[in-house]
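Every read-out reported here was derived from the displayed coordinates using simple, explicitly stated rules and does not represent laboratory data. Note that the coordinates shown come from a computational prediction; the quantities given were computed from them, not determined experimentally. In this analysis, Cβ positions are derived from the backbone assuming ideal geometry, glycine residues included, and neighbour counts consider all displayed protein chains.
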Amino acid sequence: MGNIIDANHHSSVNAMYLDILVIGAGAIGLSSALHLKRLNPEKSVMVVDMLGGPGQGNTAKCAGIFLNLATTELNFGLSDSTIDWFHHLQGDLGHNLGLTPYGYLYLLDKDRYEKVKKPIEEARSVGVDIKTYEKNEVERLLPDLATRFGEEETELMGLKPVEVGVLTEKCGSIDADGLTRSLEVEFLKLGGEVSYNTTAESLIVKPRNEIGIEGEPFVWQDIHITGAETSKGEIQAGTTVVAAGTWSERLLDPIGFDTLMRPKSRSIFVFKDPKLDRLRDTRGFSKVDLLPFTHIPEISVYLKVEPSEGSIWLGCADDFGRRYGLEDDPQPERGLYEDDIYHALMKYLPCFKDLRPLNSWTGQRAMNRLDKTPVIAPAPGMIYVGSATGYGVTKCDALGRTVAAAYAGEEEAELYGGRRIRVADIGIENRKKVKETFKV
Ligand SMILES: Cc1cc2nc3c(=O)[nH]c(=O)nc-3n(C[C@H](O)[C@H](O)[C@H](O)COP(=O)(O)OP(=O)(O)OC[C@H]3O[C@@H](n4cnc5c(N)ncnc54)[C@H](O)[C@@H]3O)c2cc1C
């Protein structure tokens, strides 16, 4: 290895050589780095990030929900094994991830419930624990939920009352910051290195056999990625892992690599008010006396109790109608809560009457528009990982292990707990055709 940056890392890099360079210190980049170093202890592995610490990109802006609801074995395996790993990180390795397993509750009207009956059976058949609650049970457990409509206004708005609750049990809240910090600690313990405030400006493309003529690489030469030009100098690497989340396109578009991904914004609004205490402290759905993560697809809204601060986060889960496009500093759309969400939310949860958010932010999700399943795709000298479509935290450990298997050239990756998946199944060339059918 050439010039090493120490763990607190702001010195300059002069034509450093590494075995593995990971670009991006989000949940996925750090998981990848951890498993690459674990399985290749003799190799030099460094993570660089343009921001000042671990997990400050979209991981910091996420809702921090883990969820194993999937109708395909592939997606179930990716998330279920990662959830087990979170419990190991917290329970056995002593990291504080703030794991709060309060479940994931869908509140569905009659028509939507009819549509998801079959997918619910498919999800059960791959191993997901799902409970359903009849209307009267939902009403008993959630006295704040209005379930009797019939006024002219709700009819005009086309809103239908909740008839059924569907609870997925092995789900809950995680402190995303605690997660990325713990991954960084485990990675550094193994001798990995990190360099923050270091932007990868471009990937270096070189011919495999350089002949020393100006203008290389020529079209007839075999090319590969040999590292990155960064804000602190050139870093040469045997393998470059691009885990730059929604920003990956900035590095990969110039080299003609398609990630099957486009960025899309999503906002979260934070509420804390005594009027919401009863809703927050809902009992009876899980062993945790808190409202489960609750999604009302009829109005594209979800609610998450943040256990560390006793607040309720409200997210807007709409998709169609929202534009694609990378933004460095996305902001909540003006009036999205006050002029839009609020009026429909009030019909279902009148306890929000007159409440305004204390805080809000917007992040971007890396949407795989093809099949909503993550992508791990090798190319000469590099591996891309991402396109996790809003489930990057929930699947981070399984993705990290699969990146390490791809690096080793293995056909299969062993996930935490012993399940195996075929690496090519989430690649691009020989991707397995998977279609998640649970759509609400
Ligand atoms: C509002 C919202 C709610 C969400 N809720 C959930 C949820 O509840 N559960 C869940 O599982 N997922 C959720 N997600 C999705 C989740 O945030 C992502 O899937 C996950 O964070 C992806 O991790 P990542 O490591 O790929 O990306 P990031 O955390 O964005 O990491 C990429 C890193 O790369 C760095 N980087 C980018 N370009 C460069 C460069 N050129 N040089 C150096 N560094 C670079 C960035 O600074 C960043 O730190 C949500 C997303 C949003 C926006």
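What is the helix-to-structure angle for 73-91, meaning the angle in degrees between its Cα long axis and the longest Cα principal axis of the chain, kept from 0 to 90 and rounded to the nearest 10? It works out to around 90 degrees.
Relative to the longest principal axis of the Cα atoms of the chain, the long axis of helix 176-189 makes an angle of roughly 30 degrees. Relative to the longest principal axis of the Cα atoms of the chain, helix 396-407 runs at roughly 30 degrees. The base-10 log of I(q)/I(0) for the stretch 296-345, evaluated at q = 0.24 Å⁻¹, reads -1.08 [Debye formula, identical scatterers on Cα atoms, solvent excluded].
Taking 0.692 mPa s as the viscosity and 37 °C as the temperature, the Stokes-Einstein diffusion coefficient of the stretch 140-265 based on its alpha-carbon Kirkwood radius rounds to 160 µm²/s. What the Kirkwood sum gives for the stretch 227-275 is a hydrodynamic radius of 14.1 Å, with every pair of different alpha carbons counted. When you count the other C-beta atoms within 10 angstrom of each residue and take the mean per peptide, 159-167, 279-287 line up highest first as 159-167, 279-287.
Compare the peptides 69-77, 329-337 by average per-residue count of other Cβ atoms within 10 angstrom and give them in order, highest first. List each step's numbers first, then the result.
On the way: 69-77: 22.1, 329-337: 13.6.
Highest-to-lowest ranking by the protection proxy: 69-77, 329-337.
Dimensions of the chain along the principal axes, based on C-alpha atoms and rounded to the nearest Å, stand at 78, 44, 42, largest first. For the stretch 247-399, the fraction of C-alpha pairs more than 25 angstrom apart is 40%. Sorted into 5 angstrom bins from 0, the C-alpha pair distances of the stretch 27-177 split as 2, 8, 12, 15, 15, 14, 12, 8, 6, 4, 2, 1, 0, 0 percent. Under the criterion of Cα pairs below 8 Å and six or more residues apart, the relative contact order for the chain equals 24 percent. How fast does the stretch 368-440 diffuse by Stokes-Einstein, in µm²/s, taking the Kirkwood radius from C-alpha pairs at 37 °C and 0.692 mPa s? D, rounded to a whole number, is 260 µm²/s. Estimated from helical segments only, the mean residue ellipticity of the chain at 222 nm is -7000 deg cm²/dmol, where each DSSP H run of four or more residues counts as -39500 (n - 2.57).
At most 14 other Cβ atoms within 10 Å and a DSSP loop assignment: could you name the chymotrypsin sites (Phe, Trp or Tyr not before Pro) in the stretch 154-233 that fit? Kindly include the intermediate steps, with their values, before the conclusion.
On the way: sites: F187, Y196, F218, W220; in loops: Y196, F218, W220.
Here the sparse-neighbourhood loop sites are F218, W220.
Arranged from highest to lowest average of other beta-carbon atoms within 10 Å per residue, in what order do the peptides 338-350, 244-256 appear? All intermediate terms of the calculation are to be shown ahead of the outcome.
Values: 338-350: 16.8, 244-256: 19.5.
Listed from highest to lowest mean packing, they are 244-256, 338-350.
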